Every structure is written in C-alpha cells, then in structure tokens.
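Everything on this sheet refers to the single structure shown next.
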Amino acid sequence: MAYFQFQWTDEIVAHLSEHDVIRDDFQSVVNHRVRRFPSWATAAAVGASAMSARQIPEELLAKLDRDRKLIEQELPDLADRDVRMRKAADEDTLSGHLRRAIHHSRRPLGDIGRDAGISTTILCDFLEGERTLRSDVLDRLTQAVGVTISLVAHAKE
C-alpha cells in the first residue's frame, strides 16, 4: 500500500472543514483504508477514544480504493519526474538557480505559471529540465516568485 504526501493549502483545508473533516482524518483515510474518521485532535482535547464514531459510507470507501489504485499506477512516472526535477534544480546554471527559487517559493505551480504567462505544463517541463525558456519568460518567472537573480563575473584564468 502506498503512502501519500499531501500539499495542504488554505483553500483545501477550508474545503475539508466545510465537510467537517480535518487534515489528519483525511490523510488517515487516504493512506490507510479505515472505516471511521480518526479524530486525534478532537479526542486529545476531550480525552475521548482515538476514533470518532462517524462512519465512512461504503461508496466513498470504494471510490477511495479506485482512486488509490489509479494513483499507485502513476507513482513510477511521478518518481521518475521527481528525479529529473531534482537533477535539473541541482544544475549550477541560471536555470538551475531559478528552478530552486521556484521550489523554495512554495507557491502553487498553477499560480506561478499564470503570473508568468505560461501554462503549468510548460513550467513543469522547465522544472524537469525537459524544456528551455526564452529570456523574457525567465524574467517573468523571477517576478512571479519574487526573486532577483544576480550574476557575478569571475576573472578568466
């Protein structure tokens, strides 16, 4: 069984809270097929048991199983992409520095791409080292992540 890492945004947390679901409960259900929502935060606060009495509908469990299997099928490709992305970010080049700045910005890639005027697909290809970008696009990316890249000239030996 795969274990999934989650990227939590305020929007996602707010959406879950609209349905009375907390982060820990959601992660537990996705990572481990359980029949009840665990409520560690609530349970700890009131001294109750570690599991809430709220039952998860069978159709939701079935959907989670289907989605989990689809995600597991995608994991090898995602792992390969992650390796390419790390290798590209480690380059000691202008593009490598910009890739690291994009990763460290912690902004959603869709937002960065939109602000830079490029698609998320193009941005991901750049982050993986699969695509080069024109200098005007690189300029817009630096603005989108709020960084300044400066160059230092080294004397030729």
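Just so it is clear, none of the values below were taken in a lab; they were calculated from the coordinates. None of the values given here were measured: they were computed from a predicted structure. Note: ideal-geometry Cβ built from the backbone for every residue, glycine included; neighbour counts use all protein chains shown.
Using DSSP to define loop residues, name the trypsin sites (Lys or Arg not before Pro) in the range 58-126 whose beta-carbon has at most 13 other beta-carbon atoms within 10 Å. Sites meeting the loop and neighbour criteria: Arg106.
Straight-line cross-link partners of Lys156 among the aspartates and glutamates, defined as a Cα under 19 Å from its Cα and at least 8 positions apart when in the same chain: Asp92.
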